[in-house]
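Everything below concerns the one structure shown next.
The values are calculated or read from the model by the stated rules, or taken from the named source; none is laboratory data. Computed from a predicted structure; not experimentally measured. Glycine also receives a Cβ, built like all others from the backbone with ideal geometry; neighbour counts cover every protein chain displayed.
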Amino acid sequence: MSPIKVTEKILFVDDEPNILESYTRVLRKNFAVDTALGGERALELLAENGPYAVVISDLRMPGLDGITLLSRVKDDWPDTVRIMLTGYADVDSAVSAVNEGAVFRFLTKPCEPETLVRALVAGIKQYRLVTAEKELLEQTLSGSIRIMTDALSMVNPDAFGRVSRVIRHVKEIVRILEIEQDWAYETATMLSQLGCLTLPRDIVRRAIKGRSLSEEEAALFQSHPSLAAEMVLRIPRMEGVSEIIAYQEKHFDGQGYPADERKEEGIPLGSRILKVLLDFDVLVQSGESKAKAMAELNGRRGWYDPAVLTALDMILGDEVRYEQEETTIYGLQPGMILHQDVVSLRTGRRLLGEGQELSESLISSLVNYNRAYGVRQPIKVIVPLRRKA
């Protein structure tokens, strides 16, 4: 037996207790081993104690068989490496296990301890590779998104403020609709206005506030989703996010931009959410009350996904009340919402736009700017009453 010691957890699944006991005896000195008597118990342990680096399952078990179990593992715990161990080494079973369960190894009973250990070590190496790559991707994405949103906040505060207002409702709608992979929806929202970096600030400001644009200006503003989608598409594995951004102005009935045949559920759900929230934001920024803005959206037949409209209506019904305050730069707190533009004392340049929700990093940046150049004060903010309780 190899002198290795592995900390990642391994789950063995079989319907024979004596076989599970033998696995534990042979491997417990080198591996962190859990056992499950049958497929149903395996799912319980995965939910309670997961994630596991490797799940190794018998093929033929009463109730939930090995192929069905590993298919479930693939869907619910995709990083977990899956190994099939069986005494029925027929070709059809092997093909089904590989195709349906995306099995990493297919071993036959009886399996020599050395062979089993080699398979487990290879499985754990694969698990480490997958999780390390995932962590690197997440860090790379996080850094890329931060750079791009920081650039947007500096170059076009109006567009960045729009993102900050909308993102709060995106998170709530994702929760209400019980959507998985919420990171894609939030990321698409954060990057949805990136195309505004290339547009004149005056055009963006008037469009966001619902003011009139010339035909040429409207066409220019209409191009910003495709510009943003092209930028995001250059980041590896961001195809889905790019697609959400590209279709953010598409009507539910298929009208709007881009002009293609996609409609209803054929439009990405993230795009349907953005369409509702961005249009709602324009109405509110133009001076409409939230109730009137909601009524306006409901009156636009065919524009929006009814499920998303219903979710927004639920959010507005439960929304906390706010109170207006004036404070100095040092009285700002995360969660406060600007009720006016924040302006440089020296140059009069707008630093952050009205409606921007403040975060710790934004407040820190304002404090540093104030020390160097000065910020016009006091600053009007809107504070959730729950913060004051």
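A few comments on the model shown:
- Against the test of being within 15 Å of Val13 (Cα to Cα), in the same structural domain as Leu116 (by TED's automatic domain parsing), at pLDDT 80 or above and part of a helix (DSSP H, G or I), the options Leu45, Leu64, Leu85 yield a single qualifying residue, Leu45.
- Candidate set from region 273-298 (those that are buried (at least 18 other Cβ atoms within 10 Å of the Cβ) and farther than 21 Å from Ala159 by Cα); member that is modelled with the highest pLDDT: Leu297
- Residue within region 29-37 that is in contact with a Phe, Trp or Tyr (Cβ under 8 Å, 6 or more places away or on another chain) and either among the acidic types (Asp, Glu) or more than 30 Å from Ala132 (Cβ to Cβ) (or both) present: yes
- Tabulated pairs, region 225-244, first outside any helix (DSSP H, G or I), second surrounded by 24 or more Cβ atoms within 10 Å (Cβ to Cβ) and at pLDDT 85 or above, C-beta under 6 angstrom, 6+ apart or interchain: Met238/Val232
- Members of region 182-210 that are part of a helix (DSSP H, G or I), more than 17 Å from the chain's Cα centre (by Cα) and not polar (S, T, N, Q): Leu194, Gly195, Cys196, Leu197, Arg201, Asp202, Ile203, Val204, Arg205, Arg206, Ala207, Ile208
- Residue within region 211-222 that is acidic (Asp, Glu), assigned to a helix (DSSP H, G or I) and either within 25 Å of the chain's Cα centre (by Cα) or under 23 Å from Ile337 (Cα atoms) (or both) present: no
- Residue satisfying all of: in region 100-149; modelled with pLDDT of 70 or more, within 30 Å of Gln356 (Cβ to Cβ) and not β-branched (Val, Ile, Thr); farthest from the chain's Cα centre (by Cα) among these: Met148
- Test for Phe221: is it surrounded by 14 or more Cβ atoms within 10 Å (Cβ to Cβ) and touching a Pro at 6+ places or on another chain (Cβ under 9 Å): no
- Restricted to region 40-74, and to residues there that are of a type in the set (S, T, N, Q) and surrounded by fewer than 24 Cβ atoms within 10 Å (Cβ to Cβ), the residue that is farthest from Met84 (Cα to Cα) is Asn49.
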